[in-house]
Amino acid sequence: MKTKRQAKMLELIKRNDIETQEELSDYLEREGYQVTQATVSRDIRELKLTKVAMSNGRQKYVALQETDENLSQKYVRVFHDGFVSMDMAQNILVIKTVSGMAMAVAAALDAMHMHEIVGCIAGDDTIMCAIRSVDDTVAVMNRLKKLVED
């Protein structure tokens, strides 16, 4: 049941611009799946779904587990679309994002596999990244600036 439900979730987010867990629950119920908010939330985590900005300024769920060769460009686009600013405090990099995009941008950063980044913690519009050293923090900032400028 879980596998079928999660497959249906992936199908639904590909076909529809779904913005909230409640909206996703409604779609699932129309397809015959009785779900709770906790189940939908757990499935979203397990499927590694995240939100990305659409051209109209709204957001939608997408699956970042794609395997095509342009995947790194998709992560760059997520980072670019959600990025607002960044600053450092020693070896801590603080990144400000569009409201509601911090988790998507943090997931994109994690997927970029920068060895200097030890880990990221995301809130609603702020990400804190632990970087190995102050020099590495400067290097990561320079790399991220280039992504935003392109």
Fill in: Straight-distance crosslink candidates among aspartates and glutamates, where the alpha carbon sits under 15 Å from Lys96 and sequence neighbours closer than 8 are dropped
Asp81, Asp87, Asp124, Asp125
Item to complete: List the lysines whose Cα lies under 21 Å from the Cα of Lys4, skipping any in the same chain that are fewer than 8 positions away.
Response: Lys14, Lys48
Worksheet entry | Among Val62, Ala102, His115 the positive-end extreme of the charge dipole of the chain (Cβ point charges) | Val62
Discussion item. Suppose a student asked you for the relative contact order of the chain, using Cα pairs under 8 Å spaced at least 6 residues apart; what percent would you report?
Written reply: 17 percent
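At most 16 other Cβ atoms within 10 Å plus a DSSP loop assignment makes a site exposed; report the longest stretch of the chain without any exposed GluC sites (Glu not before Pro). Working shown, then result.
On the way: sites that count: Glu19, Glu31, Glu66, Glu69.
By the stated rule (loop sites, at most 16 other Cβ atoms within 10 Å), 70-150.
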Discussion item. Under a Cβ-only charge scheme (Lys and Arg +1, Asp and Glu -1), can you give me the dipole magnitude of the range 2-47 about the Cα centre, in debye to the nearest 20?
Written reply: 320 debye
Practice prompt. Tell me what the chain gives for mean residue ellipticity at 222 nm when only DSSP H runs of n ≥ 4 count, each as -39,500 (n - 2.57), the sum divided by the residue total, rounded to 500 deg cm²/dmol.
Written response: -15000 deg cm²/dmol
Fill in: Model label zone, Gln37; criterion: amide N under 19 Å from point 7 Å along Cα-to-beta-carbon; scope the range 1-23
18-23
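Within 10 Å of each residue's Cβ, count the other Cβ atoms and sort Asp17, Asp125 from fewest upward.
Least to most surrounded, the residues fall as Asp17, Asp125.
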Worksheet entry | Tensor-based shape of the chain (alpha-carbon gyration tensor, a/c under 1.5 rounded, otherwise prolate or oblate) | prolate
Worksheet entry | Spin-label pair Gln6/Val148, simplified geometry with 7 Å Cα→Cβ offset, distance in nm | 3.5 nm
Worksheet, complete the sentence: For the range 49-150, listing trypsin sites (Lys or Arg not before Pro) in a DSSP loop whose Cβ sees at most 12 other Cβ atoms within 10 Å gives Arg58
Worksheet, complete the sentence: Share (percent) of C-alpha pair distances in the range 2-47 greater than 12 Å works out to 56 percent
Worksheet item: Placing +1 at every Lys and Arg Cβ and -1 at every Asp and Glu Cβ, with all other atoms neutral, what dipole size does the chain have around its Cα centre, in debye to the nearest 20?
Response: 300 debye
Worksheet item: Once both axes come from the Cα atoms, what is the angle between helix 2-15 and the longest principal axis of the chain, in degrees from 0 to 90, rounded to 10?
Response: 70 degrees
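Read-outs: derived from the displayed coordinates by stated rules, not from any lab. Since we're looking at a predicted model, the values are computed, not measured. Heads up, the Cβs are rebuilt from the backbone with ideal geometry, glycines too, and the neighbour counts pull from every protein chain shown.
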